[in-house]
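S.K.: First the structure, which I've put down as structure tokens, then a few questions once you've had a look.
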Amino acid sequence: MSKTRKRKSNKTWERVDGRKQDELRPIHIESGVLPNADGSAYIEMGRNKIIAGVYGPREMHPKRLSKPNEGVLRVRYHMAPFSVDPRRSPAPSRRDTEISMVMRDALEPAMFLERYPRSAIDVYVEIIQADGGTRCASINAAAVALADAGIPMKDLVAACAAGKYEGKIIVDLGDYEDKKGESDVPVAYMPKFDQVTLLQMEGIMTREETEECIKQAVEGCKKVYEIQKEALKKKYGMIQGEAAPEPEEEAKTEPEEAPAEETQEPEEHLDVDEAEEEKKQ
Amino acid sequence: MSAKLEERSIVVPGDLVYEGKVRAGDNTYRDGGNVYATKVGLVNYSKDRVSVIALEGGYTPLVGDLVVGTVTDIELGQWLVNIDGPGDAILTVNEAIDKPFRTSLDMTQILEVGDLIVAKVVDLDRNRTPVLSILGRDLGRIHEGFVIRITPSKIPRLIGKKGSMINMILKETRCNVTIGQNGRVLINGRSREDEEIVESVIHKIEAEAHTSGLTNRIQEYLKSIKEEKK
């Protein structure tokens, strides 16, 4: 393909940005970046820059779309006009609608939507800068934002793509590899359940290559998962560091008795939760 | 059969907190005989139960909660109240006045759209819509003071063990503070300055809710502010 690249390394094959075949781009995740959202996250995955905001559970509008027995997860994937070159129309395209749908389907299995009947959880994902693999990066950001919003989840969802470029299986494709490569397989994965929640494929590969791609992508997801966990803990790590090391008698739990004019956070809380737990078992 | 983590360590959704059979408490769930966390929080192992104390989270209305809300709409015989929950709460006329409801009653005389109220959750109806009541001492329309919002999951910390935290703040600042379980806090003090002190203290508690020895630190913080003001 490009002559300059071949001249640079005529001995060994190398990816366009010099990564190893199974190496991810540098990932940076921050949680709680939007003060007005219930939960939020910012992710930089290579040159991708994405913000995800979560609102809810809240009342659903329009009401007729709500479900009487469970909550509804709504995801909006949107690329800013300046996120790509040339400028892109801000109106939602067919591609945006589809990615919104696959993201919703990727995140839903991790959630307890049945706990929020008649309400909606909204996830807004805004691509500020795009560099290939935005749907995976968006899922990563959305999962962290959902956890940051305190929405109960079975597990975090991590996503990573693998693909074929110049006949080699590579992980976490950048924009150039995505466009010039032969194939691209984005995968979202819940590590605790060993469950794939998103699997798409574009291009042509043999069956063996496809299987290898999925395997490599899952390995990539596991690496992303660790970074997601770190990002969520980082928010609290700093203040905990300066706190007194020995735990004191302080109650972080419900007080047994609150002052009369305040309120009791009563035992009922526990009982209700337990009852629900037991019903499920 | 074993605890997997140290007491009070931070967990994120999906983290294994207990291996083996045990009661799964708040913010945890059981899968395949093990217990996992569902929220970002601190692990709490008690005698027969494993739970996670949530650091983030919205408000889930429960019977008996005291809440601070805004009246958003008036319907026939009831008001709709926003209490920052998954949906609006209902306040019926019978729970607002001590008299039977008559159609001749002008409901705006009692509560108008936009009014802030302190109310108690008395029931959850079939759709899990909270039903409120303002009959009782210290309940009803708010006439003075101002309302701030914090994350509802940090309310227990603001109250402290047996109210230790809030009683300390009340004593030091001589403000009247009403804590709604939904994360809205009504502050009513003698002067604006007093109220601002309480506000900054509450925000500090919110930011450091997951640390230990907080009450003592807040007490020192309060003293330092007071000295500055002098």
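The values are calculated or read from the model by the stated rules, or taken from the named source; none is laboratory data. Everything numeric here is computed off the predicted structure, so don't read it as measured data. Here the Cβ positions follow ideal geometry from the backbone for every residue, glycine too, while neighbour counts run over all protein chains shown.
S.K.: Which numbered condition trips up residue B:188, out of (1) more than 12 Å from chain A (Cβ to nearest Cβ); (2) within 25 Å of residue B:82 (Cβ to Cβ); (3) touching a Cys at 6+ places or on another chain (Cβ under 9 Å)?
M.R.: Only one criterion is unmet by residue B:188, namely (1).
S.K.: Whether any residue in region B:39-53 is within 17 Å of residue B:181 (Cα to Cα) and aliphatic (A, V, I, L, M) is what I want to check. Break it down into steps so the answer makes sense when it comes.
M.R.: Residues of region B:39-53 that are within 17 Å of residue B:181 (Cα to Cα), as a first pass: B:53.
Filter once more, keeping what is aliphatic (A, V, I, L, M): B:53.
Yes, there is a match, as at least one residue in region B:39-53 is within 17 Å of residue B:181 (Cα to Cα) and aliphatic (A, V, I, L, M).
S.K.: Within region A:99-124, can you find the residues that are in a loop (DSSP other than H, G, I, E, B) and touching a strand residue (DSSP E or B) at 6+ places or on another chain (Cβ under 9 Å)?
M.R.: Just the residues of region A:99-124 that are in a loop (DSSP other than H, G, I, E, B), to begin with: A:112, A:116-118.
Within region A:99-124, A:112, A:116, A:118 qualify.
S.K.: Within region B:32-77, count every residue that is in contact with a helix residue (DSSP H, G or I) (Cβ under 8 Å, 6 or more places away or on another chain) and surrounded by fewer than 20 Cβ atoms within 10 Å (Cβ to Cβ).
M.R.: 5
S.K.: Does residue B:78 meet the test of being of a type in the set (S, T, N, Q) and either out of contact with any strand residue (DSSP E or B) (no Cβ under 7 Å at 6 or more places or on another chain) or at the interface with chain A (Cβ under 8 Å from one of its Cβ atoms) (or both)? Reasoning before the result, please.
M.R.: Values: of a type in the set (S, T, N, Q): yes; either out of contact with any strand residue (DSSP E or B) (no Cβ under 7 Å at 6 or more places or on another chain) or at the interface with chain A (Cβ under 8 Å from one of its Cβ atoms) (or both): no.
Taking the combined requirement at face value, the residue does not satisfy it.
S.K.: A follow-up question, please. Condition (residue is in a strand (DSSP E or B) and over 21 Å from the mean Cα position of the chain (by Cα)) applied to region A:82-98: is it met by at least one residue?
M.R.: We begin by selecting, within region A:82-98, every residue in a strand (DSSP E or B); these are none.
No, the conditions are met nowhere in region A:82-98.
S.K.: Checking residue A:244 against (1) modelled with pLDDT of 50 or more; (2) within 7 Å of chain B (Cβ to nearest Cβ), which single condition isn't satisfied?
M.R.: All conditions are met except number (1).
S.K.: While we're looking at this one, here's another question. Looking only at region B:21-57, filter to residues that are aromatic (Phe, Trp, Tyr) and facing chain A (nearest Cβ under 8 Å); which one of those is farthest from residue A:233 (Cα to Cα)?
M.R.: First, the residues of region B:21-57 that are aromatic (Phe, Trp, Tyr): B:29, B:36, B:45.
Restricting the remaining residues to those that are facing chain A (nearest Cβ under 8 Å) gives B:29, B:36.
Details: B:29: 20, B:36: 16 Å.
Of everything passing the filter in region B:21-57, B:29 is farthest from residue A:233 (Cα to Cα).
S.K.: Moving on to the next point. Being farther than 30 Å from residue A:190 by Cβ and either part of a strand (DSSP E or B) or outside the structural domain of residue B:206 (by TED's automatic domain parsing) (or both) narrows it down to one residue among B:44, B:127; which is it? Step through it out loud before you land on a result.
M.R.: Details: B:44 fails: farther than 30 Å from residue A:190 by Cβ.
Only one candidate qualifies: B:127.
A quick yes/no check of all residues on (1) surrounded by 17 or more Cβ atoms within 10 Å (Cβ to Cβ); (2) over 30 Å from residue B:210 (Cβ atoms); (3) out of contact with any Lys or Arg (no Cβ under 8 Å at 6 or more places or on another chain); (4) modelled with pLDDT under 90:
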residue	(1), (2), (3), (4)
B:91	yes, yes, yes, no
B:100	no, yes, yes, yes
B:107	yes, yes, yes, yes
B:114	no, yes, yes, no
B:132	yes, yes, no, no
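S.K.: Sticking with this one: All but one of (1) surrounded by 15 or more Cβ atoms within 10 Å (Cβ to Cβ); (2) within 14 Å of chain B (Cβ to nearest Cβ); (3) among the basic types (Lys, Arg) hold for residue A:25; which doesn't?
M.R.: (2)
S.K.: Does region A:133-140 include one or more residues that are on the phi > 0 side of the Ramachandran plot, in contact with a strand residue (DSSP E or B) (Cβ under 7 Å, 6 or more places away or on another chain) and more than 14 Å from every other protein chain (Cβ to nearest Cβ)?
M.R.: Pass one, region A:133-140, residues on the phi > 0 side of the Ramachandran plot: A:133.
Then keep just the ones that are in contact with a strand residue (DSSP E or B) (Cβ under 7 Å, 6 or more places away or on another chain); that gives A:133.
Still in the running and more than 14 Å from every other protein chain (Cβ to nearest Cβ): A:133.
Yes.
S.K.: Still on this model: Scan B:60, B:72 and give me the residue that is free of Cβ contacts under 8 Å to residues at least 40 places away in the same chain, of a type outside the set (A, V, I, L, M, F, W, C) and within 11 Å of chain A (Cβ to nearest Cβ).
M.R.: Numbers: B:72 fails: free of Cβ contacts under 8 Å to residues at least 40 places away in the same chain.
Unique residue meeting the criteria: B:60.
S.K.: Condition test on residue A:188, is it within 16 Å of residue A:136 (Cβ to Cβ), touching a Gly at 6+ places or on another chain (Cβ under 7 Å) and modelled with pLDDT of 95 or more?
M.R.: Values: within 16 Å of residue A:136 (Cβ to Cβ): yes; touching a Gly at 6+ places or on another chain (Cβ under 7 Å): no; modelled with pLDDT of 95 or more: yes.
Judged against the criteria, residue A:188 is not a match.
S.K.: For region B:11-41, give me the residue count where each residue is among the small types (Gly, Ala, Ser), assigned to a strand (DSSP E or B) and out of contact with any strand residue (DSSP E or B) (no Cβ under 7 Å at 6 or more places or on another chain).
M.R.: Quick first cut of region B:11-41, residues among the small types (Gly, Ala, Ser) only: B:14, B:20, B:24-25, B:32-33, B:37, B:41.
After this cut, where a residue has to be assigned to a strand (DSSP E or B) as well, the list is B:24, B:37, B:41.
Next, only the ones that are out of contact with any strand residue (DSSP E or B) (no Cβ under 7 Å at 6 or more places or on another chain) stay: none.
Looking only at that region, the number is 0.
S.K.: Inside region B:191-210, can you point out the residues that are more than 13 Å from residue B:165 (Cβ to Cβ) and either assigned to a helix (DSSP H, G or I) or more than 18 Å from the chain's Cα centre (by Cα) (or both)? Please lay out each step first, then the result.
M.R.: In the first step, residues of region B:191-210 are kept if they are more than 13 Å from residue B:165 (Cβ to Cβ); the result is B:191-197, B:199-200, B:203, B:207, B:210.
Result: B:191, B:192, B:193, B:194, B:195, B:196, B:197, B:199, B:200, B:203, B:207.
S.K.: Would you mention how many residues in region B:147-172 are more than 12 Å from chain A (Cβ to nearest Cβ) and within 21 Å of residue B:89 (Cβ to Cβ)? Full working, then the answer.
M.R.: So the first thing to find is which residues in region B:147-172 are more than 12 Å from chain A (Cβ to nearest Cβ), and the list is B:147-148, B:150, B:172.
With within 21 Å of residue B:89 (Cβ to Cβ) added as a condition, the list becomes B:147-148, B:150.
Adding up the residues that qualify gives 3.
S.K.: A further question on this structure: Answer yes or no as to whether residue B:120 is facing chain A (nearest Cβ under 10 Å) and part of a strand (DSSP E or B). Break it down into steps so the answer makes sense when it comes.
M.R.: Values: facing chain A (nearest Cβ under 10 Å): yes; part of a strand (DSSP E or B): yes.
The answer is yes for residue B:120.
S.K.: Which residues, counting only those in region B:129-139, are more than 15 Å from residue B:181 (Cβ to Cβ), touching a residue at least 40 places away in the same chain (Cβ under 8 Å) and within 14 Å of chain A (Cβ to nearest Cβ)?
M.R.: If the condition is that a residue be more than 15 Å from residue B:181 (Cβ to Cβ), touching a residue at least 40 places away in the same chain (Cβ under 8 Å) and within 14 Å of chain A (Cβ to nearest Cβ), then B:129 is the only one that fits.
S.K.: Let me ask something additional. Does residue A:146 fit the bill of being in contact with a strand residue (DSSP E or B) (Cβ under 7 Å, 6 or more places away or on another chain), within 20 Å of residue A:98 (Cα to Cα) and not charged (D, E, K, R)?
M.R.: Working: in contact with a strand residue (DSSP E or B) (Cβ under 7 Å, 6 or more places away or on another chain): yes; within 20 Å of residue A:98 (Cα to Cα): no; not charged (D, E, K, R): yes.
So residue A:146 fails the test.
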